[in-house]
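The values are calculated or read from the model by the stated rules, or taken from the named source; none is laboratory data. Since the model is a prediction, treat every value here as computed from it, not as a measurement. Neighbour counts run over all protein chains shown; Cβ positions are idealised from the backbone, glycine included.
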Amino acid sequence: MVQTKPITELISGLESKSRNTPYIFALEKLTDRLKWAYGKLCKPGSDKVVWLLLYLDYQLVWYRYKPDQIIPELAQPEYVQELRLFSQRGEFYLWQTNDKGRKFKARLLLDHKKQSEPSLLPFTADEWQPLWGTKVTLDGPGWSIISEERGATLRLPYEAKESDLPLRVRVRHYLKYHPENGLAYCYDLRLVDIRDRKCQALTWKTVGEEANQC
């Protein structure tokens, strides 16, 4: 467990009018927010890969994100349920609310090490969780679709092999002690990295794309 000083920022303004109107306004805001968050997540000395994970109505899609790249799925934001842009340094998380009409909320979470360690400071616990999928289908140069017999599919920019499965995602839990009863509880979590089944780094083979340079 590592003690950190997470900086959490709740972001407003990501709203559209209703399901019956175009989502151009929301898309413009979302694109701007992704570029802004990228600048926060990709700093000198941090990991050079920034991941984008889209939770769509019909599929999970991963990207190694660059501010200037085109994300086709964002052309239809009405299908986006959640979105996570993350790196070793932090995560930008956007989710659809249950409010009337089409609305989104978002938060930015960044890790900073603390010099002192008071007993009530937040601390973290990491775990590797297996991702969905036992079957690999190549989907064009450098892309794979991972699936099971039924259910949603996972598409990512990696030429996977079935021996790599299940892929694993590193999840960081943020915990702190309750000031009254002293019990530890999780108040937030984020994604950090994705690896193969042995938690080894993936070998990227995406054509024409290099790791993000921060």
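For the range 70-96, the set of residues classified as over 10 Å from residue 37 (Cβ atoms), in contact (Cβ under 8 Å) with a residue 60 or more places away in the chain and part of a strand (DSSP E or B) consists of 84 only.
Looking at 64, 102 in this structure, which one is at pLDDT below 80 and farther than 30 Å from residue 182 by Cα? Exactly one residue qualifies, and that residue is 102.
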